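To keep things clear, I will list the structure first and then write my remarks on it.
Please treat every number below as a calculation from the coordinates, not as lab data. Quick caveat: nothing in here was measured; it's all calculated off a predicted structure. Reconstructed Cβ throughout: ideal geometry from the backbone, glycine too, with neighbour counts over all protein chains shown.
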Amino acid sequence: MKLKEFNWRILRTPLLVLLGSIAASSAWVYFSHQWTDNSRQALERERVVLNEIRQKSTQADQEKLLIQRYRDAYEDLQKSGTVGPEQRVNWLDALRNASQAARTLGVDYQLSQQTASPIKLDTGAYKLQQSTMKLRIKLLHEGDLPSFLHALDAERPGLYLLQSCSLTRGPSGAFSVRYEAKLAAECELLWLSLIEAGTEATKK
């Protein structure tokens, strides 16, 4: 028997075992790295999800605080008709009360249909609507007009803009009756209200 053949027969089994061990070790190292990378990626995904949950929770808490802070003011706007359907009956009541408080000799009005307002405002999920009201107010003297407007503001009937006012003098001379209008004021108001986008405008 030759020495080379003898050595090979003796060393073959240990060499095969060694090669198998090396292959197994390499495979274990490879899969360990793969498992570590997969675990790291999974952990990162979990962190992202957790951060999103925290952000949503924080946002929900902030929205809850905002609702609590502004709830009373929002309900007041709803009652006045600034948010939601127009409160036209309230407007007319406010006109009558203001006329009595300012001691005018009567108020005539014309009220248009509600339309989308061209006024540019950031109203979020709401859209701005408007109705035009034209007033003719019979007055004894010029000071009655600001008194009427102040009285109307005091009624808090809703949100409106005074567009214009003009005075016209009546017949000159002595009063033919005790309370005779010597002046007439013609004013134009814009009544504004907010309704949710996508809903139809209504009035009460």
Here, E52 and S147, labelled 7 Å along Cα→Cβ, have an inter-label distance in nm of 6.7
Of K127/K182; K79/K182; K79/K134; K56/K127, pairs whose Cα-Cα distance is over 31 Å:
K127/K182; K79/K182
For a quick size check, give me the Cα extents of region 88-196 along its three principal axes, largest first, whole Å.
57, 21, 20
Please report, to one decimal in angstroms, the Kirkwood hydrodynamic radius of region 40-153 built from all distinct Cα-Cα pairs.
18.6
Rank these for me by crowding, K64, K134, going from fewest to most other beta carbons within 10 Å.
K64, K134
Under a cut-off of 17 Å between alpha-carbon atoms, report the aspartates and glutamates in cross-link reach of K64, not counting same-chain residues fewer than 8 places apart.
D72, E75
Length-normalised contact order of region 89-133 in % [C-alpha pairs under 8 Å, at least 6 apart]:
33
